[in-house]
Amino acid sequence: DDEYNHARQWTANPTIKRWGCALASMVMILRYHQITQLPDGQELTPQTLNQWLRQQPDGYIGGGVNWLAVTRLTQLLSREHRTPKLEFNRQNGPLTTILAQAVSELHQQRPVIIGYPGHFLVVDGVTQPELPPTPDRILIKDPYYPYHRLGQHRSAEEVYTIRRFRPSQTDLSYLL
């Protein structure tokens, strides 16, 4: 029930539960990479990541999670706890391309965040990896819906974006 970003400014239902699918998906990715706490020692949860992002001058952009701010967080934590720095990459494309890229990342033991209009979720597995990926073969962790396969979403065919977070040795300097 915590307020997502500064959502009271633009909605009557400003909660993380309503708007925090990208935030919760990001926490799942960070935890997969053994990043479990914030620089102040708090446990990493959607609520605490939301608080951290709200304290950053660029934590949210246009109401949405600034993925590069999160990579900056991984850099801070890497120095302190020797956890991985995660490099961000986003790509848009048709569903077949996005699913093929997701499966490629999964083969390298890296879950991804995919999105369709209004929603984000984590892809963390595939059944029958030897076959071309289809929504029914893609296993997900959805922060809002109780689905376990992408094909359960009626909007699965609208998936158009993938967000990858790869361990990196770079300094993660970017222009946004």
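Estimated at the nearest 10 Å², the accessible area of Y147 is 70 Å² with a 1.4 Å probe. The string of couplings for the range 10-19 from the Karplus curve (6.51, -1.76, 1.60, θ = phi - 60°) is 9, 8, 7, 10, x, 7, 4, 4, 7, 10 Hz, one whole number per residue in order, with x for Gly and Pro.
Taking the convex hull of the alpha carbon positions in the range 17-56 and averaging its projected area over all directions gives 2.8 nm². Averaged over its residues, the range 105-172 has an accessible area of 53 Å² per residue, based on protein heavy atoms and a 1.4 Å probe.
For the chain, the relative contact order is 21 percent, taking Cα pairs closer than 8 Å that sit 6 or more residues apart in sequence and dividing their mean separation by the residue count.
Across R18, R149, R110, the residue with the most accessible area heads the list, and the full order at a 1.4 Å probe is R18, R149, R110. Of the accessible area of the chain, computed with a 1.4 Å probe over protein heavy atoms only, carbon and sulfur atoms account for 48 percent.
Only one item in [x] 2, 9, 18, 19, 17, 14, 11, 7, 3, 1, 0; [y] 1, 8, 17, 21, 20, 16, 10, 5, 1, 0; [z] 2, 10, 20, 24, 22, 15, 6, 2, 0 matches P(r) over Cα pairs in 5 Å bins from 0, in percent derived from the coordinates shown, and that item is [y].
Close amide-amide hydrogen proximity is noted between L121 and I114, each under 5 Å apart and 5 or more residues distant or on a separate chain (H modeled in the peptide plane; Pro and chain starts excluded).
The values are calculated or read from the model by the stated rules, or taken from the named source; none is laboratory data. From a predicted model like this one, the values you see are computed outputs, not experimental measurements. Quick note on the areas: whole protein, heavy atoms, side chains included, nothing else; ligands and nucleic acids left out. Shrake-Rupley method; radii C 1.70, N 1.55, O 1.52, S 1.80 Å.
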